[in-house]
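Enquirer: After the structure tokens below, expect a handful of questions from me.
The values are calculated or read from the model by the stated rules, or taken from the named source; none is laboratory data. The structure presented is a predicted model; accordingly, all values stated were derived computationally and were not measured. Positions of Cβ are backbone-derived with ideal geometry, glycine not excepted, and every protein chain shown enters the neighbour counts. The protein model used for the area step is the full one, side chains on, heavy atoms only, and it has no ligands, DNA or RNA in it. Shrake-Rupley method; radii C 1.70, N 1.55, O 1.52, S 1.80 Å.
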Amino acid sequence: MSRAGAVASCSLWWLRTGAPRPLAASGRRIGVRLCSSRMVIDNINRAVVHRILRVDHAGEYGANRIYAGQMAVLGRSSVGPVIQKMWDQEKDHLKKFNELMVTFRVRPTILMPFWNVVGFALGAGTALLGKEGAMACTVAVEESIARHYNNQIRTLMEEDPEKYEALLQVIKKFRDEELEHHDTGLEHDAELAPVYAVLKRVIQAGCGAAIYLSERF
């Protein structure tokens, strides 16, 4: 196996298992030793990785609360199983980011209690407009998240695609699943929601603010 392949394999193993990695106590860049003394990734950009993980963890937590709110209103309706399927994937996303937060010793955003309440309220509130309202919310949120993931992918590719290959694989997989949710929303009449265009713009403006704040606080 090539050095690059071995590094990628070990990196992905760490991401999957959540095993702790040795991190520097201070400084912007850190070195991570993978699997053996022969395979070392140097100079991981700690500031970039922490910012990415903090905001993605917050985003997946918020998405879980949105789907929880939708299920509270529409769980027993015909669209309930569709929402549940998307929620189950979001639970997997959140589980992975919970693991990565521990692995890389990243503190969560201080706004978690706020996203807890706002996410549930957004999910339940749009669901009260009917299944179309819930799906409009899904389209708006998932489109925002997918766009944000694409920005992160570009950032990591510019940093060093080989070094961050394992993290890139996680983000790309989740990005693709968010896009599936977006398409599911459109297939289930999201565009028939009352004032769809306005609702979508308002929700996406809120997502943009949430991303900005969660990256920084």
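Enquirer: When you scan the stretch 130-144, do you find a residue that is among the polar types (S, T, N, Q) and open to solvent by less than 50 Å² (accessible area, probe 1.4 Å), even just one?
Expert: yes
Enquirer: Looking at the stretch 64-92, which of the residues that are outside any helix (DSSP H, G or I) and either modelled with pLDDT of 95 or more or not polar (S, T, N, Q) (or both) is most open to solvent (accessible area, probe 1.4 Å)?
Expert: Checking each candidate, the answer is R76.
Enquirer: OK, next. Within the stretch 180-191, take every residue that is closer than 12 Å to A134 by Cβ and of a type outside the set (G, A, S) and give me the one that is modelled with the lowest pLDDT.
Expert: Per the criteria, the residue is D189.
Enquirer: Tally the residues that are in a helix (DSSP H, G or I), open to solvent by 60 Å² or more (accessible area, probe 1.4 Å) and without any contact (Cβ under 8 Å) to a residue 60 or more places away in the chain, restricting the search to the stretch 183-200.
Expert: 5
Enquirer: Which of the residues that make up the stretch 129-152 are out of contact with any Pro (no Cβ under 9 Å at 6 or more places or on another chain) and either of a type in the set (S, T, N, Q) or not in a helix (DSSP H, G or I) (or both)?
Expert: Selection gives T138, S144, N150, N151, Q152.
Enquirer: If I go through the stretch 153-165 residue by residue, how many of them are in a helix (DSSP H, G or I) and either within 24 Å of T126 (Cα to Cα) or open to solvent by 10 Å² or more (accessible area, probe 1.4 Å) (or both)?
Expert: Summing the residues that are in a helix (DSSP H, G or I) and either within 24 Å of T126 (Cα to Cα) or open to solvent by 10 Å² or more (accessible area, probe 1.4 Å) (or both) in the stretch 153-165 gives 7.
Enquirer: What do you reckon, is V48 part of a helix (DSSP H, G or I) and over 23 Å from T184 (Cβ atoms)?
Expert: yes
Let's see how each residue does on (1) under 18 Å from the mean Cα position of the chain (by Cα); (2) touching a residue at least 60 places away in the same chain (Cβ under 8 Å):
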{"position": "L122", "(1), (2)": "yes, yes"}
{"position": "L129", "(1), (2)": "no, yes"}
{"position": "A146", "(1), (2)": "yes, no"}
{"position": "N150", "(1), (2)": "yes, no"}
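Enquirer: Hey, does the stretch 46-55 have a residue that's out of contact with any helix residue (DSSP H, G or I) (no Cβ under 8 Å at 6 or more places or on another chain) and modelled with pLDDT under 90?
Expert: Yes - at least one qualifying residue is present in the stretch 46-55.
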